[in-house]
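Read through the structure below, which is laid out as structure tokens, and then see the notes.
Bear in mind these aren't lab numbers, they're just calculated from the coordinates by the rules spelled out. Quick caveat, the model's predicted, so the values are computed rather than measured. Backbone-built Cβ (ideal geometry, glycine too); neighbour counts: all protein chains shown.
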Amino acid sequence: MNHIDLNRRHAVITGGAQGLGFAIAERMLASGASVSLWDKDPALLKDAWEKLQVAGTVTTEVVDVADEASVNAAVANTVKQHGAIDILVASAGIAGPNFKTWEYPVDAWRQVMEINLTGVFFCCRAIVPGMMERNYGRIVNISSIAGKEGNPTASGYSASKAGVIALTKSLGKETASYNIAVNCITPAAAKTRIFEQLSQEHIDFMLSKIPRGRFLMPEELSAMVAWLVSEENSFTTGAVFDLSGGRATY
């Protein structure tokens, strides 16, 4: 594993108690950062903390990213504990159900949008001003290849992840003069607990579209994130990085 220098940096990782967020937390700690895990599930947070605290400084916050007050409170608590937030990785998300667009449940659509897109907005909105004050920050938003290509029977998820791409580009341009890098990653599917929300038919469809012939490994994503949130990434902002195993068509 290549060593990325994140010493003296503090990272907030939403959805950090499991899946891709947990893998990113592992890599951040291995690179010398201290980490705050934000997640909605207290039991998963406790389990993640127990596994990770031997690797470095780890704190946890029970946060509903779709709730503005919850996000603002978590920011205040994190800054009180750690002094500043240098890095944000917005990884929290849900897949939503699999339906044709005209059959997609309205309540499910709203939930997917609130967590996957509005949640990223709330976190960026609350954290960016502190980064601007210090003239430094690194943000990586986890989108999806579905946000570029649109997956059938997943219009809610696809649309929410397309929104994350556009939000990233807007924020990257707005903060470019502050030494803040805002980028997003569009991974193909990784075999995490989010698969429990998907039909087997949809899982098979996703795999069939990946030329590599396999799903993404979480540590492959965390390796890219580690560089994007480092000081070495001093120029790239508002960009989209594919981790699609060859699937991306544009």
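The helix-only estimate of mean residue ellipticity at 222 nm for the chain, built from DSSP H runs of length n ≥ 4 each weighted as -39500 (n - 2.57), is -13000 deg cm²/dmol after division by the residue total.
Express in nm, to one decimal, how much length is gained between A248 and A69 on full extension, taking 0.36 nm for each residue of separation and deducting their alpha carbon distance. Let's see the in-between values first.
On the way: separation 179, 0.36 × 179 = 64.44 nm, distance 3.66 nm.
Full extension from A248 to A69 adds 60.8 nm.
Using the average count of surrounding beta-carbon atoms within 10 Å as a protection proxy, the listed peptides 76-83, 154-161 rank, highest first, as 154-161, 76-83. Bridging of K173 to lysines at a Cα separation below 25 Å is possible for K148, K161, once same-chain residues fewer than 8 apart are set aside. Helix 218-228 and the long axis of the chain differ in direction by around 50°, with both axes built from C-alpha atoms.
For the chain, the longest principal axis of the C-alpha atoms and the axis of helix 155-174 are separated by about 30°.
Each of V62 and E220 was given a label point 7 Å from its Cα along the Cα-to-Cβ line. The distance between the two points is 3.6 nm.
Fully extended, how many nm does the chain gain between R212 and S199 (0.36 nm per residue separation, minus their Cα-Cα distance)? It would help to have the intermediate numbers written out before the result.
On the way: separation 13, 0.36 × 13 = 4.68 nm, distance 2.16 nm.
Extra length available between R212 and S199 comes to 2.5 nm.
Do any of K51/K191; K100/K209; K51/K169 go past 26 Å between their Cα atoms, and which?
On the way: K51/K191 20 Å; K100/K209 19 Å; K51/K169 35 Å.
Correct reply: K51/K169.
How much net charge surrounds V79 when only other residues with a Cβ under 13 Å from its Cβ are counted (Lys, Arg +1; Asp, Glu -1)?
Working: positive: K80, R134; negative: E61, D86, E133.
Combined, the nearby Lys, Arg, Asp and Glu give -1.
The length gained on full extension between A239 and K46, counted as 0.36 nm times the residue separation minus their Cα-Cα distance, comes to 66.1 nm.
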